[in-house]
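Laboratory data are not the source of any read-out in this text; all were calculated from the coordinates shown. This one's a predicted model, so the numbers in the text were calculated from it and none came from an experiment. Here the Cβ is made from the backbone with ideal geometry for all residues, glycine too, and neighbour counts use every protein chain on show.
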């Protein structure tokens, strides 16, 4: 018997925990839950060992996620010899619910409830021992102390996308590294902090889902509605809610009621999009200069731009930081501008800066070619110079805008020697505000096409706009929650294109 079939058989002998709608009734796994268990436990690598070591199960609310975690945790407690099962939750209350559910399942089972089989600790210690398997189950919240001493064999992390730091996850993973096998599963609904580690973990799972070769040991299972999906249609909710699909008519009635409420009260829309369509629409999303859903709607397949006119923008990071180079192509017959981005960072700082910059995935971006990792601890500007040379050969590069206050004198001189039209630019309101207004309009009207560059998307997720005393809005590096180098490189290119377009259209002045 495959382990998945054993797992399914054991779980369906449990009874639903107290505090749920089906308390006391036999636990019946849904088809999507069975399929997840089968893929997780039965997929083998070339050596015949279980392939998956980590996973993200990403679901909207009301899909039975917590009871499912509790049932999995209890199965692993019974089946993994000499194991340590660690259940993590972002807050104490959630950790308490998870522990209560596992304990309730044990108490309702005639065999497990025997004193010689399982011991449920009382008091503040949320711990259960299974004498038969010689394994323990412990439930912790994100403020748990002593995590560095944990030697986990199975890790189940509830609401992982709400985590602002990877510290607890990393501590438990590193504690179990000496074990023969370690299975770590994150489960979550969409969070709100797109600059935190939880969003980084989600983005990593999305990247692996698109290209499994990035990490063949990671299983991403993501249920979410596209950002442009019609939220007024019940089918939109069913498509991303596997439990609702199986419940049927009862779920449709609940969904239609939510839609009707949101149509009467638009303030509810953000809540149902986040919790029930599983979209990253957070409480602080209004602070973003450009909401990510609008940025995502501009993504499309970009055709070969060879030979086309374009303007460049360069945002040079400090010696150990991210550098961004943008190309902006004015529209031809399609009426759309096209943006292409390249990013650079010193190879020896990738891991360090990834830990410091919330949401960054520099190491995986470098592996996939989205970030050029230059040798050493400092960005080698020769790579940027050489790429601009190559761009001049492929495109008609009309000019490159560079922050005139940044210490890039040597690079500017070298580019000028190469025949590049380098334009030193200010970064104040006179230059950036018109460019920001233009770029915002292009995105709002879906007249900017981009290829979905993940680094640029992360930059926009960090980018907060501020309004000056004249009512002008522009992105703020000081107020933003993380790096926005790609945004500013694109603004430099946009400012250059806008200034030249306005100069070309200016009427002649006669004296």
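Quick notes on this one:
- With respect to the chain, whose longest principal axis is taken over its alpha-carbon atoms, helix 381-394 is tilted by about 70°.
- Cα-based shape type of region 294-505, given that a ≥ b ≥ c are square roots of the gyration tensor eigenvalues and the cut on a/c is 1.5: rounded
- For the pair residue 132 and residue 2, the difference between a 0.36 nm per residue extended length and the Cα-Cα distance amounts to 44.7 nm.
- Shape analysis of region 3-222 places it in the rounded category; the axes a ≥ b ≥ c from the Cα gyration tensor give an a/c below 1.5.
- Label point distance in nm, residue 305-residue 352, each placed 7 Å from Cα along Cα→Cβ: 3.3
- FRET E, pair residue 31, residue 254, Förster distance 22 Å, beta-carbon r, rounded to 0.05: 0.65
- Restricting attention to the chain, close to 35% of DSSP beta bridges with both partner residues there are antiparallel.
- Anisotropy class of region 253-402 from Cα gyration tensor, a/c 1.5 cut: oblate
- Among 419-432, 486-499, sorting by the average number of other beta carbon atoms lying within 10 angstrom of each residue, highest first, gives 486-499, 419-432.
- MRE, 222 nm, helices only [DSSP H, n ≥ 4, -39500 (n - 2.57), over the chain, to nearest 500]: -12000 deg cm²/dmol
- For the pair residue 501 and residue 404, a Förster radius of 22 Å applied to the C-beta separation gives a FRET efficiency near 0.55, rounded to the nearest 0.05.
- Packing order of peptides 364-372, 256-264, 392-400, highest average first: 364-372, 392-400, 256-264 (average count of other Cβ atoms within 10 Å over each peptide's residues).
- Among beta bridges identified by DSSP and lying wholly in region 1-138, the antiparallel ones come to about 75 percent.
- Here the simple spin-label model places points 7 Å from the Cα toward Cβ, and for residue 113 and residue 206 these points are separated by 4.6 nm.
- The residues 92, 474, when put in order of fewest to most other Cβ atoms within 10 Å, stand as 92, 474.
- Cβ-based exposure ranking for 1, 194, in which fewest neighbours within 10 Å come first: 1, 194
- Pairwise label distance in nanometres, residue 393 with residue 93, each label 7 Å out on the Cα-Cβ vector: 6.1
- Against the chain, whose longest principal axis is taken from its Cα atoms, helix 249-264 shows a tilt of about 40°.
- Under the Debye formula (equal points on every Cα, no solvent term), log10 I(q)/I(0) of the chain at q = 0.07, 0.08, 0.10, 0.12 Å⁻¹: -0.47, -0.60, -0.86, -1.12
- For region 379-424, the equivalent ellipsoid derived from the alpha-carbon gyration tensor has semi-axes of 17, 13, 8 Å in decreasing order.
- Helix 485-505 vs. the chain, principal-axis angle (Cα, 0 to 90°, nearest 10): 30
- You can think of it this way: the chain between residue 445 and residue 62 has 134.4 nm of extra reach, that is 0.36 nm per residue less the Cα-Cα gap.
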